[in-house]
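As C-alpha cells, the structure follows; a few thoughts come after it.
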Amino acid sequence: MAEAAIELIGINKSFGAVRANRDIALEIPRGTIHGIIGENGAGKSTLMSILYGFYQADSGEIRVNGKPASIKTPNDAIAAGIGMVHQHFMLVENFSVLENVILGAEGEALLNKSIAKARSELRRLEQEYGLEVDPDAIIEELPVGLQQRVEILKALYRGAEILILDEPTGVLTPAEADHLFRILQQLKEQGKTVVLITHKLREIMAITDNVSVMRQGTMVATRKTRETTVEELAELMVGRRVLLRVEKGEAKPGAVKLSVKNLTVKDSRGVTMVDDVSFDIRAGEIVGIAGVAGNGQSELMEAVSGIRKAVSGTVMLDGKPIDLTGQADPGELRDRGLAHVPEDRHHVGLVLAFDESENSILGYHDKPQYLKGPFLNLDAIQKDAQEKIEKYDIRPANPRLKTANFSGGNQQKIVLAREIEQDPGVLIVGQPTRGVDVGAIEFIHKRLIAMRDQGKAVLLVSVELDEIRSLSDRILVMFAGRVVGERGPETGEGELGLLMAGVEHKEAAE
Amino acid sequence: MSTPYAKLPAWADYGLIPLINLLVAFVVAGLVVLLVGENPLRAAVILVEGAFGSGQGLAYTLFYATNFIFTGLAVAVAFHCGLFNIGGEGQAYIAGLGIAIVVLAFDSTLPWWVVFPMAIIASALFGALWALIPAYLQAKRGSHIVITTIMFNFIAASVMVYMLVNVLKPAGSMAPQTRQFVEGGQLPKLGWLLAEFGLTVRPSAPLNVSFLLALVMAFLVWVLIWRTKLGYEIRTFGFSSKAARYAGISETRIIIVTMLISGALAGMMALNPIMGDQHNVPLDFVSGAGFVGIAVALMGRSHPAGIVPAAVLFGMLYQGGAELAFEMPNISRDMIVIIQGLVILFAGALEHMFRPAIQGIFASFSPRSVGITATKGERA
Amino acid sequence: MEFIDALINILNSTIRVSVPLLLACLAGLYSERAGVFDIGLEGKMLAGAFAGAAAAAVFASAWIGLLIAVLVSVGMALVHGFASITHRGNQIVSGVAINFIAAGSTIILGQAWFQQGGRTPSLPPEGRFGAVNLPFADALRDVPVVGQPYSGLLSGHSLLTYVAFLAVPFTWWVLFRTRFGLRLRAVGENPAAVDTAGISVAWLRYRAVICTGILTGLAGSYMALAQNAGFVKDMTAGRGYIALAALIFAKWKPVPAMFACLLFGFLDALSIRLQGSPLPIIGKVPVQLMQALPYILTVILLAGFIGKAIPPRAGGVPYVKER
C-alpha cells in the first residue's frame, strides 16, 4: 500500500450534547480515490470540515503525508495541500470565474498580475485535466456542472494534492456526474488523492479504490472496494436495521383522486424543473416518486400543493380542476382535501419558534373549530394538540413547549399529525423520514400505510429508494424533470437505479 | 430558525438579560455625565424626583409616555411581522394633517367626545396611508422597507412644512401652524385622576385622555398578536415567510395589513400633543417620538406588557431630563437622546453580548438547564 | 454674461453642498459593499464634524481637527462593527443607535466644554481649510470659454473638496483593481466563499467599516472646517440619509455615486437659490418639493421603475458559520 496522504487518529467532535464524531481513525493512501459513505447525519461532513479547518476537533490528531499537521483554519488546510469542493458551492455568484479562482490566493495587493497568472494557469489545468471553462464567464450564468468545475479549479489553483468532494453528484445530471468521475480518475492518474463523500453506493462502487463507512458518528469499517459488495456496505451503513419491510396488505385502488396532466414548472431562475409531467393517483394507493435529488421532485410537490406557481398543465382534484398556474394557494387546496407534509420541516412545515400547539394548526388556522370569530380558540387548540400528542406519541407530551426543543422524529410527527388528522383525501409527503430516528420511521411508515388502507390517495416523494420500494404500490421515476418510467413495487433496485440515472426506458426494461 | 445560542430559563431571557442590558446603557450614560463634570448619582436622583416626585411631574411623565406607547406599539407590530418600520416619525407627522382636517371642520360645532373619535379615525387613516406606499413597495416590488420608510419621513416633513406654511396657516399669521382649536378640539385633561390619589396637579399639566386611548391600544395590540387569527398569521410570517406561504398566508396581504396597523398606531400618537396639549398643529410636533418608539419596542421586547413600562421609563427621562437641565446647566434634555441611543445599542444591537457569560454562569450552577437545540444534531 | 455668472454660481454651490454627500456616500459604499448596512452615516458625520471643530478650536489647527474628526468617526464605526460583526446584532438597529448617540453627545459635550449653546467657538483661519487656488487661476480668469469654468468653478475650493472628488476614482481603483477590493466585494456577496478561501470575514468587514469611519470623518471635517467655521448643533441635518439615498441611486458603484451626489447637491443648491422664485419653463416650484426630490427619486428607483437597485447579496445579514 502506498504511503498515507492523510491519517486521522482519535478525532472527536461534539456540538453541545450531540457527538458528531467519535474516536475516528482513518488512513487514506496517496494517489487513490477514497470513498466515505454513510447516511445523512452519520458525521461525514463534520469530519471533512475538521480536515479542512472549518471546524476544530475537540481532540485527536491529523497527519498529512506522515507529518502531524495543525489545521486550525482553511488556510492551514490549503497550505497543507488540501482542497475542498463543498456541497453548496462557495462561489461569489456575480464574479467571473477568474475572480473566483484567485479569491484568497491573489498573491499580491494589486490584481493585474495575479489575474494574468491565473489566466495562464487555468489554461494549463484545462489541458491537463480536461477542465474546460470560460475564465471570463460570470458564475451565475454557468450551469451547475460548470460551477462545480470552478470549485475544483479553485482547489487545484491553490496547489491541492488532496481533494475532498462533499456529495458532489447531488446537484448533477448523470452526464455531468460521469464527466466529473472522468475528471477524478484523471486527477488520480496524476498522483492526486481524492476523497469522495457520498451516501450513494453506486458511486462508491463505480469509482473508488477504498471505502470507509460511517455510522452515527463512528467509523465502522474500511474496505477495498473490489473486495466488498453493495450489500455489505449497505448493512454497514445502516447497522442492525437492514432493509425496511413494512407489513402491508394488497392495495385496493378506487377512483382517481388526483390527476396531473402535462404539468410544467420552472424555478425562480426560469429553468424548467418539471417538464410535461402527467400521472394519476387513485384512492387507496401510495404512488412513490423515486429519483436523484434535484430532478424536479421538490418543484413537482410544491406546484401540486399550491406553493409554487406552475407554468402550464391541468390538475384535477376529485374530478374538479385546480388552477395551479394562477390563483390556487395552499389554503384553498387544503380546504379541498389536499394535505402536504413538506420536505423541509424546519423552515416550511413548522415555525420552530412557535410552541407545539401553535404548529399543530399551521395552515388550518382558519378552520372554524380553531376560531371564535376573528379570535383564536385557545382552549380548542390546546385540547386538539393534546389529543394529537397522545395519538401520535409525541414526546415530550407538552403542547406549550417550543417546537425547536423537540427531536427531529417528534417534529415530523407534529407535522404528520396535523396533516393526517384533518382527514384529507389526498396526502402529499416529501422525505417523511429524513433526519428521523429509527423508532419514529416505523411509526411514520405505518401511518402512511393506514392512510392508504382508509382509501386515501398518497403521493410519496423520497430520495431513499428503500422507502419508496417498501411503501409504494406504484413507482414513478423522475429524471431531469420528466417521469421516465412507471414500475411496480417488486421492481429491483438495479432497474430503478438505471431509470433514475436516465438510462432509456427500453434498455432498462430489458 | 435555530438560534446559535443555547436556551436559558424564560425569566432570564425576558427579565435578567434585558435588565442587564439596560443597566449597562445607564452606566455608560453615567460616564457621559461624569465627562461633563457632574455627579451621575445626583443626576439620577434629580431625574427620578423630577419625573415622579410630584403630581405635576408625574402628569408630564405620563404625557410623554403616551406618545411612546403609541410609537412603541407601532414598531412592535411591524417587528412581529419581521418588518422594521422606521417611519413612525413621518406617519405620525402626516397624521397631524388628518386631525387638522377633522378638528378645524368640527371643533366649533361639535363637543370633544364626538370630535375625538373622528380624529382618532382620521389620525389612524392618515398614518396608515403614509405606511401604505412603503408597504406596497416592499410586498410587491421588494423595495427595502427600512430605506423607503426613512425616505418617507423626509418626504412627510416637506409635505407638512408646505401644508402648514401655504395651506393651513391662517391669513395674517406669521407662525407656520394652524389656528388655535376651540373647545371641541381640546381633549379633557386627566390631572384629576392623579389628584384622586392625593397628588397636586396644576390644570396646565398636559396629561389627557389620549393616555387612556394608548393603554386601550396596548391591550388591543396584545389581543391582536396573541389572540387573533391575524396575529397568528403575522407572527408566522415574521418567523418564516416560507412557512407562511405553505400555510396559505398571502405575503402581500400580510405585509400591507401589518404596515397599515403599524402606521395607524403611529398616527394616533399625533392626537396626544395636538388635541391634548398644543391645541393646534405646529411644525415638528412629533419631535423624535417616532424614533423613541424603536427604543421602546426593543426594550419592551415587542410585548405590550414590556412596551408600556418602557414608554413610562422614557417618559420619565423626558420629564426628568427637563428638571435635570434646570438643576445642572451642563446637561440639557439632549442627554435623553444619548440614553435613548445607548438603550437601542445595548438592548437592541448588542442584546446578545452578555448572553454567553450569563449562560456560563447558569451552566456552572446546573449543567442540565443549558441544553442545545434539538435541531443541531441531524445536520452534521 | 449674467446667465453664465448665474450658472457658474449655482454649479459652484452645487459642488459645495455635494462634497459632504459624496464623502459620506463613498463611506457607505465601503461598508455596504462588504455586507454591513450602515444607516449611521449621519451620526458618524455629525460626530466627526463636532470632534473636528472642537479639536481645531482648541489647537487652532485644521489638521489636528481633521485627525481627531477621523479618529472619532472611526471609533463610532468600530462600535457599529462590534455590534454587527462581532455580536451579529441587527445592523439597522445599531445604525439608529449610533445616530442618536451622536446627536445627543455632540450637543451635551459641546455645551459642557464651550458653553455656547451647543456651538463650538468660531474658528480662526488657521483652524480651517481655506480655498486652494489652482495654478494660474487668476491669470486665466479672463480667457474666453475656459477661463471662467477653470478659475471660477474648478479653482478656489478647499483641499477636502479635491480630496472628495479624487476619492471617486481612487475608490473605483481599490474596489476593482486591488486584492482588498476583490475580497471586500466578495464578502458582501458571499461571506462563506471568503471564509472557505481562508480569509477572515470579520477582519475584512472591520477594515471596511474603518474605511467608512475615515470617510465620514472627512465629511464631517469638511462641514465644520471648510464649509463653515465651526460646529453648530445638528449641522448635518439629514445629509447622511441623502448620502444613503445617493448610494442606492448609484447602485453601490463609485462613479455613479458621484453623479448621484452632484444631482442631489444641484437640487439643494437650486432650491436655496430660487427660494420660491419661478423657474423658466416649469413655473413656480415649492421649495419643499425640491428638498423632497432626492428622497422621492430614491423611492421611485427602489420601486424598480427606473432600473433595479440590487444591494450586495449578503448585506444586512450577520455571518454565521453554519453547516
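Residue-by-condition table, conditions (1) within 14 Å of chain A (Cβ to nearest Cβ); (2) open to solvent by 20 Å² or more (accessible area, probe 1.4 Å); (3) in contact with a strand residue (DSSP E or B) (Cβ under 8 Å, 6 or more places away or on another chain):
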residue	(1), (2), (3)
C:149	no, yes, no
C:160	no, no, no
C:166	no, yes, no
C:178	yes, no, yes
C:201	yes, no, no
C:205	no, no, no
C:208	no, no, no
Across (1) surrounded by 16 or more Cβ atoms within 10 Å (Cβ to Cβ); (2) part of a helix (DSSP H, G or I); (3) away from chain A (no Cβ under 12 Å), residue B:219 clears everything bar (1)
Residue in the stretch A:197-220 that is open to solvent by less than 50 Å² (accessible area, probe 1.4 Å), farther than 28 Å from residue A:499 by Cα and in a helix (DSSP H, G or I) present: no
Any idea which of (1) crowded, with 20+ Cβ neighbours inside 10 Å; (2) farther than 16 Å from residue C:41 by Cβ; (3) among the polar types (S, T, N, Q) is the one residue C:221 doesn't satisfy? (2)
Per the filter on the stretch A:53-79, residues more than 10 Å from chain C (Cβ to nearest Cβ), open to solvent by 30 Å² or more (accessible area, probe 1.4 Å), assigned to a loop (DSSP other than H, G, I, E, B) and not charged (D, E, K, R) are A:56, A:57, A:65, A:66, A:70
Among C:79, C:58, C:96, which is open to solvent by 20 Å² or more (accessible area, probe 1.4 Å), within 27 Å of residue B:148 (Cα to Cα) and assigned to a helix (DSSP H, G or I)? C:79
If a residue must be open to solvent by 30 Å² or more (accessible area, probe 1.4 Å) and either at pLDDT below 95 or at positive phi (or both), how many such residues does the stretch A:356-370 contain? 4
Mind listing just one residue for me: the one in the stretch B:131-184 that is within 11 Å of chain C (Cβ to nearest Cβ) and charged (D, E, K, R) and, of those, farthest from residue B:256 (Cα to Cα)? B:141
Among (1) over 17 Å from the mean Cα position of the chain (by Cα); (2) at pLDDT 95 or above, residue B:41 falls short only on (2)
Just checking: which of the helices (runs of 4 or more DSSP H) contained wholly in the stretch A:345-447 hold 2 or more residues that are more than 30 Å from residue A:287 (Cα to Cα) and polar (S, T, N, Q)? A:378-391
Residues that are open to solvent by less than 10 Å² (accessible area, probe 1.4 Å) and either closer than 19 Å to residue C:169 by Cβ or among the basic types (Lys, Arg) (or both), drawn from the stretch C:255-273: C:257, C:260, C:261, C:265
Name the residues in the stretch B:243-275 that are open to solvent by less than 10 Å² (accessible area, probe 1.4 Å) and not in a helix (DSSP H, G or I), would you? B:247, B:249, B:269, B:270
Check whether at least one residue in the stretch A:299-319 is in a strand (DSSP E or B), in contact with a Gly (Cβ under 6 Å, 6 or more places away or on another chain) and open to solvent by 50 Å² or more (accessible area, probe 1.4 Å), and report yes or no. no
Using the structure shown, decide if residue A:282 is under 22 Å from residue A:345 (Cβ atoms) and open to solvent by 10 Å² or more (accessible area, probe 1.4 Å). no
Kindly establish whether residue B:84 is surrounded by 15 or more Cβ atoms within 10 Å (Cβ to Cβ) and modelled with pLDDT of 95 or more. no
Against the condition more than 11 Å from every other protein chain (Cβ to nearest Cβ), aromatic (Phe, Trp, Tyr) and free of Cβ contacts under 8 Å to residues at least 40 places away in the same chain, how does residue C:129 come out, does it pass? no
Open to solvent by 50 Å² or more (accessible area, probe 1.4 Å), over 30 Å from residue A:106 (Cα atoms) and not β-branched (Val, Ile, Thr), is that true of residue C:144? yes
Those residues that are more than 14 Å from chain B (Cβ to nearest Cβ), β-branched (Val, Ile, Thr) and open to solvent by less than 20 Å² (accessible area, probe 1.4 Å), I need them from the stretch A:1-31; list them, please. A:6, A:28
Residues that are β-branched (Val, Ile, Thr) and more than 14 Å from chain A (Cβ to nearest Cβ): does the stretch B:207-216 have at least one? yes
Using beta carbons and a limit of 9 Å, which pairs, at least six apart or on different chains, have the first residue in the stretch A:117-130 and under 14 Å from residue A:97 (Cα atoms) and the second one of a type in the set (Ser, Thr, Tyr) and part of a helix (DSSP H, G or I)? A:118/A:157; A:121/A:157; A:122/A:157; A:125/A:157
Which count do you get for residues in the stretch A:386-401 that are closer than 16 Å to residue A:419 by Cα, of a type outside the set (Lys, Arg) and in contact with a Lys or Arg (Cβ under 9 Å, 6 or more places away or on another chain)? 4
Of all residues in the stretch B:301-332, how many are open to solvent by 20 Å² or more (accessible area, probe 1.4 Å) and at the interface with chain C (Cβ under 9 Å from one of its Cβ atoms)? 3
Considering only the stretch A:2-23, how many residues are charged (D, E, K, R) and touching an Asp or Glu at 6+ places or on another chain (Cβ under 6 Å)? 2
Conditions (1) surrounded by fewer than 23 Cβ atoms within 10 Å (Cβ to Cβ); (2) touching a Leu at 6+ places or on another chain (Cβ under 6 Å); number of the one not met by residue A:35: (1)
How many of the residues in the stretch C:224-254 are of a type outside the set (D, E, K, R), open to solvent by 10 Å² or more (accessible area, probe 1.4 Å) and not in a helix (DSSP H, G or I)? 6
All helices (runs of 4 or more DSSP H) inside the stretch A:84-170 with 2 or more residues being more than 16 Å from residue C:179 (Cα to Cα) and open to solvent by 30 Å² or more (accessible area, probe 1.4 Å): A:111-129, A:144-157
Test each condition in (1) within 14 Å of chain B (Cβ to nearest Cβ); (2) closer than 23 Å to residue C:317 by Cα; (3) touching a residue at least 24 places away in the same chain (Cβ under 8 Å) for residue C:74 and report the one that comes out false. (1)
Given the condition within 11 Å of chain B (Cβ to nearest Cβ), open to solvent by less than 20 Å² (accessible area, probe 1.4 Å) and under 21 Å from residue B:245 (Cα atoms), answer yes or no: does some residue in the stretch A:381-390 qualify? no
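The values are calculated or read from the model by the stated rules, or taken from the named source; none is laboratory data. Predicted model, so just to flag it, every value in this text is computed and none were measured. Cβ coordinates were reconstructed from backbone atoms using ideal geometry, including for glycine residues, and neighbour counts include every protein chain displayed. When the accessible area is computed, the model is the full protein with side chains, heavy atoms only, and any ligands, DNA or RNA have been set aside. Shrake-Rupley method; radii C 1.70, N 1.55, O 1.52, S 1.80 Å.
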